[in-house]
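Worksheet for the structure shown next.
The values are calculated or read from the model by the stated rules, or taken from the named source; none is laboratory data. Owing to the predicted nature of the structure, the values given are computational and were not obtained by experimental measurement. Cβ atoms come from the backbone with ideal geometry, glycine included; neighbour counts cover every protein chain shown. Note: areas computed on protein heavy atoms with side chains; ligands, DNA, RNA excluded. Shrake-Rupley method; radii C 1.70, N 1.55, O 1.52, S 1.80 Å.
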Amino acid sequence: MSQPKEHLIIFDTTLRDGEQSPGAAMTRDEKVRIAKALERLRVDIIEAGFPAASNGDFVAVRTIADNVRDSRICGLARARDEDIRRAGEALAGANAARIHTFIATSPVHMRAKLRMEPDTVLEHAVAAVKLARQYCDDVEFSPEDAGRSEEDFLCRVIEAVIKAGARTINIPDTVGYNLPDRFGQLIANLRNRVPNADQAVFSVHCHNDLGLAVANSLSAVQHGARQVECTINGLGERAGNAALEEIVMAVRTRGDAFACDTRIDISQIVSTSKLVSTITGFPVQPNKAIVGANAFAHESGIHQDGVLKHRETYEIMRAEAVGWAANRMTLGKLSGRAAVRARLDTLGIHLEKDALDQIFARFKELADRKAEIFDEDLQALVNEDLQEEQADHYRLGYLRVCSEMGTRPEATVEVWVDGVAEIAKAIGDGPVDAAFKAMEKVVRSGTRLLLYSVNAITTGTDAQGDVTVRLQDDAGRAVNGQGADTDIVVASAKAYLSALNRLRGPSACRHPQL
C-alpha cells in the first residue's frame, strides 16, 4: 500500500510581493476581490500585505482578515516592534492569522543595509519572533537574502528563532541568485544541521531573476521544504516570483517525483489568473505555462493528429482541469438580470443592487455590440466600473477620430475634469497617438508613457480590446491604467485616463523585499 502524500502548503503573496511589480498597485477593494478568489482556489495562506507600510495597506489587510474565513491571513513585518504590533492589530479579526517577520542575514545586507553585526541581527530576530507570538501562535521567520548567507550563521539564527517560537522557517532566494541543485541542497543541509528543525515547517520564497524561481522551489520541495511562497502568474518585483500555477501543476502532474501534494482546487486556476491580470494590468503572455492562451494549443499537424487519436500523446494535463473550459459560459442580449447576477456570483463577484444595476446597464450596451458575453467580459465591466467609482477626477465624455491612408489622424476629445467638460483636438502619428495628445492638451499632466499594450479579452472580431497604459510622473512614480471596449481607440483613451486617475491617488508604498 502506498504511503499518503504529505501536505505541501501554498503561501500566496500576490497581494504583497506581487504588488511590487511596477504599476501593479491595487486598491483595497481590488485586493479583497483577489483574496476571495484565492480563498476559492483553496490557497492555504494569503499574505495580504505589509500593514506598517501605510494606513491604506493596514486597512486592506484588516478588511481581508475580516472577510476571508477559509484561508489563513498573513501580515508581513520587519523585525521591529512597531511593525509587529501593527501587523497584530490588522490581523485581529482573522479566523486564522500569521505574522511573518524577517531580517537580513547575508554579509552584504548586514554590512551595507542594516549596518549591524551578526550577533545583533540574531538578537533582533529572536526578539521579533517572541513579540509576534504575543499576537498569534503562528509565526513565520525569514532570513532575508538567505540564498547568499553563510550557512553556519543561518543555522544559528534558525535554531534560535525556532526556540523563540517560530513554526515556519522561510528561506528566501531574494535576488534569484541560486541554482536548483545548490538551493535544494541548502534546504537539506539546514534541515539536517539545525537541532530543532523538526519543530518547524521549512518554506521557500524564490525570485525569478535568472528564470529559475519555479525550478529552485521544486528542488527545495524535493529536499524537504513543505511550504512554497508564490504568486498568481508569477507576478512580482523585477522578473517576478515563482508562479503558483506552475508549482501546483508540476507537483500534481509529476506525483511520481514528489512525496507531497497541495489542496488547491485546480479548476479555479485560469479564472484567478485572468482576474489578477485584469486588475493589475499585466497581461499573461500567450506561451505562459498553464494559463497562457497557447498553453493547450496545437499548431503542428503531427501534434494535432496525435491529440485527436489519443490526448496523452502531446498533452500531460487536461485543459478543462485547470479551468479553461469550465468557466466558459456565454450570455447574450436576451439574457436577463438574474442570469447576469448568477454568473457574477459564480465568479465570486457579489454586488449590491445599485452596483448590479450599473453593471447590467453596461452589459446590455455591450451585448448590443457583441454577440456573446464571456466571463472575461463581465470581469472587465466590473473592473472598469470600480475604477470609475474610486477615481473620477478625469472622465471621458466622447471621442471622435478621423483616420485614413495618406493623412495624419486627427482626434477630438471631451474630457470631464472634476465635473467640468473640456474639449481639445490634436493630430498624431496614429489614431491612438492623436487621442492621447488631445487628452494631454486638457489634462497637461506631463507624464511619460512607459507601456502601451493591447490584448483581446476573448476571441472573435467583436472581442473587447483590453488596453493597459503605464504612465510615469515627474517624481518617478509609475502606475497602470486599464480600459476595455470593442473599439480599441476608445479602450486606449479610457486606459490613459484610468492611469491619470491613479496618479492622482495616494502614493503606493513599496513593500520590503524578501
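Placing unit charges on C-beta atoms (Lys and Arg positive, Asp and Glu negative, everything else neutral), compute the dipole magnitude of the chain about its Cα centre in debye, rounded to 20.
Approximately 360 debye in magnitude.
Out of Ala463, Val490, Gly446, whose Cα points farthest toward the positive end of the dipole of the stretch 369-514 (charges: +1 Lys, Arg; -1 Asp, Glu; placed on Cβ)?
Gly446
Taking the Cα centre of each part, how many Å lie between the stretch 425-468 and the stretch 189-205?
51 Å
On a 0 to 90 degree scale, rounded to 10, what angle separates helix 375-390 from the longest Cα axis of the chain?
Value to nearest ten degrees: 90.
With a 1.4 Å probe and all protein chains left in place, how much accessible area per residue does the chain have, in Å²? Walk me through the numbers on the way to the answer.
Working: 22350 Å² over 514 residues.
Each residue of the chain exposes 43 Å² on average to a 1.4 Å probe.
Among 30-37, 156-163, how do they line up from the highest to the lowest mean number of other beta-carbon atoms within 10 Å?
Averaged packing, sorted descending, gives the order 30-37, 156-163.
Could you let me know the centre-to-centre spacing of the stretch 212-279 and the stretch 24-54, using Cα atoms, in angstrom?
Each part's Cα centre sits 17 Å from the other's.
Which lysines, if any, have their Cα less than 18 Å from the Cα of Lys364, not counting same-chain residues under 8 positions apart?
Cross-link targets: Lys333, Lys353.
From the backbone phi of the stretch 138-150, what are the Karplus-calculated ³J(HN,Hα) couplings (6.51 cos²θ - 1.76 cosθ + 1.60, θ = phi - 60°) in whole Hz, Gly and Pro given as x?
After applying 6.51 cos²θ - 1.76 cosθ + 1.60, I find 9, 10, 10, 10, 10, x, 4, 6, 4, x, 10, 8, 6 Hz.
For helix 118-132, what angle does its Cα long axis make with the longest principal axis of the chain, in degrees from 0 to 90 and rounded to 10?
70 degrees
Rounded to a whole number, what is D in µm²/s for the chain from Stokes-Einstein with the Kirkwood radius over alpha-carbon pairs (37 °C, 0.692 mPa s)?
Diffusion coefficient, whole number: 135 µm²/s.
Using the 2.2 N^0.38 Å rule of thumb for compact globular proteins, work out how the stretch 7-81 stacks up: its C-alpha Rg over that value, please.
Normalised Cα radius of gyration, the stretch 7-81: 1.03.
Output the relative contact order of the chain, whole-number percent, from Cα pairs under 8 angstrom with separation of 6+ residues.
12 percent
From the phi angles alone, apply the Karplus equation (6.51, -1.76, 1.60; θ = phi - 60°) to the stretch 183-189 and give each ³J(HN,Hα) in whole Hz, x where the residue is Gly or Pro.
With coefficients 6.51, -1.76 and 1.60, one gets 5, x, 5, 4, 4, 4, 4 Hz.
Accessible area of the chain with a 1.4 Å probe: how many percent of it is carbon plus sulfur?
49 percent
Using only Cα positions of the stretch 59-191, each an equal point scatterer, no hydration layer, compute I(q)/I(0) via Debye at q = 0.14, 0.17, 0.20 Å⁻¹ and quote the log10 values to two decimals.
Per q value, in the given order, log10 I(q)/I(0) is -0.63, -0.88, -1.09.
Using the Kirkwood formula over every pair of different C-alpha atoms, what hydrodynamic radius in Å results for the stretch 1-51?
One over the average 1/r among Cα pairs gives 12.4 Å for the stretch 1-51.
Considering only DSSP beta bridges whose two residues both sit in the chain, what percent are antiparallel, to the nearest 5?
Once the DSSP bridges in the chain are tallied, antiparallel ones form about 50 percent.
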